[in-house]
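> To start, I am sharing the structure in question, which I have written as structure tokens.
The values are calculated or read from the model by the stated rules, or taken from the named source; none is laboratory data. Model, not experiment: these values are computed from the prediction. Cβ sites come from the backbone with ideal geometry, for glycine too, and all protein chains shown count toward neighbours. With ligands, DNA and RNA removed, areas are computed over all heavy atoms of the protein, side chains included. Shrake-Rupley method; radii C 1.70, N 1.55, O 1.52, S 1.80 Å.
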Amino acid sequence: MPLEPARLTFGADGTPVSQVYGDVYHSVAGGHAQARHVFLAGNGLPGRWRGRARFVILETGFGLGLNFLATWLAWQSDPQRCQTLHFISLEKHPFHAADLAQAQASWPEFAPLAEALRRHWPPLEVGEHRLEFEGGQVVLTVYFGDATETLPRLATAVDAFYLDGFSPAKNPELWSPALCQSLARLAVSGATLATWSVAGTVRQSLRSAQFDVTRRPGFSGKRQMLIGRYGPADSIFQFRRTAIDR
Ligand SMILES: C[S@@+](CC[C@H](N)C(=O)[O-])C[C@H]1O[C@@H](n2cnc3c(N)ncnc32)[C@H](O)[C@@H]1O
């Protein structure tokens, strides 16, 4: 099935919006600040990657690459950063590089990183695309296609999840019980998650997949956000991870 690329459009206040999903790509109160508050701090980053040989993040919905760029910048600015940061992201409707350039111009702090990202941006074809930066210390693997089909096929050990689909009311497939089970299958013991959504259906799906979830103060106008930790004490991936880190 061929990909349907995203079309870049903006709301009246200048926030990027999807006409297909009828939702915004990031908080109207600021994309970079939201990424730091919800996704980085919500997963205990940068602290949790310190002293690690390798740290793996998985995101649902690459969108404009804002969370990736915020994470890469935080990694670059951290003298105690992990040796290798692997950022995996799943995207059904990727943007063309020219649209990324237009949207990313709103964050001049990312300029050199965003430019490098666009230089490496793959053709919009279904499947896995591996991009390496910082001499291979920052790896972005982006999977173009439907996350509900990609996730069950992945075999990797994930330390932190960024759950960033459009709102569960408008994009329920990215928050379903089955999708949360797919995330749990990849989680190392103690893996964390963060999202701005506190919808009851999302909390229920995550709990049924053995994520212990808690509400925290949200970003800007939002009263709450959600963080979580994967529960079971040992999983096969925990053993693999130990082997990889050694
Ligand atoms: C809120 S935006 C993500 C913003 C992004 N994390 C960023 O930092 O710029 C949600 C994204 O989820 C993608 N999406 C929606 N349904 C999807 C699915 N079933 N599989 C993969 N991606 C999906 C949308 O195309 C959109 O890019």
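> Students often get this wrong: which residues of region 63-99 have the backbone nitrogen under 14 Å from the point 7 angstrom along Cα-to-C-beta of Thr156?
Backbone N within reach: 68, 84-91.
> Could you tell me what percent of the DSSP beta bridges with both partners in region 9-245 are antiparallel, to the nearest 5?
Counting only bridges with both partners in region 9-245, antiparallel ones make up about 50 percent.
> With +1 on each Lys and Arg Cβ and -1 on each Asp and Glu Cβ, and nothing else charged, work out how big the dipole of region 84-139 is about its Cα centre, in Debye to the nearest 20.
In total the dipole reaches around 60 debye.
> Also: Relative contact order, percent, of region 9-245 when contacts are C-alpha pairs under 8 Å separated by at least 6 residues?
Relative contact order here is 19 percent.
> To continue, here is another question. Given points 7 Å out from each Cα along the Cα-Cβ axis, report the Arg130 to Tyr21 separation in nanometres with one decimal.
2.7 nm
> Can you give me the % of accessible surface on the chain that is carbon or sulfur? Probe 1.4 Å, all protein chains present, nothing else counted.
52 percent
> Moving on to the next point. Considering only protein heavy atoms, what is the solvent-accessible area of Arg54 at a probe of 1.4 Å, reported in Å² to the nearest 10?
Number for this one is 60 Å².
> Across 10 Å bins from the origin, how do the percents of Cα pairs in region 9-245 run, short distances first?
For region 9-245, the binned pair fractions read 8, 34, 40, 17, 1, 0 percent.
> Keeping every protein chain present and rolling a 1.4 Å probe, give me the accessible area per residue for region 9-245 in Å².
Accessible area per residue: 42 Å².
> Sticking with this structure for a sec: Order the following by accessible area, largest value first: Ile227, Ile88. Probe radius 1.4 Å; ligands, DNA and RNA are ignored.
Correct descending sequence by accessible area is Ile227, Ile88.
> Quick one: Cα centre-to-centre distance for region 74-120 and region 141-173, in angstrom?
Between the Cα centres of region 74-120 and region 141-173 lies a distance of 18 Å.
> Along its principal axes, what span do the Cα atoms of region 8-92 show, with the longest given first and each in whole Å?
Here the Cα extents, ordered largest to smallest, are 44, 25, 18 Å.
> Rank Pro112, Pro168, Pro94 by mean-square fluctuation in a GNM of the chain with C-alpha springs under 10 angstrom and give only the top-ranked residue.
Pro112
> Summing -39500 (n - 2.57) over the DSSP H runs of n ≥ 4 in the chain and dividing by its residue number, what mean residue ellipticity at 222 nm do you reach, to the nearest 500 deg cm²/dmol?
-7500 deg cm²/dmol
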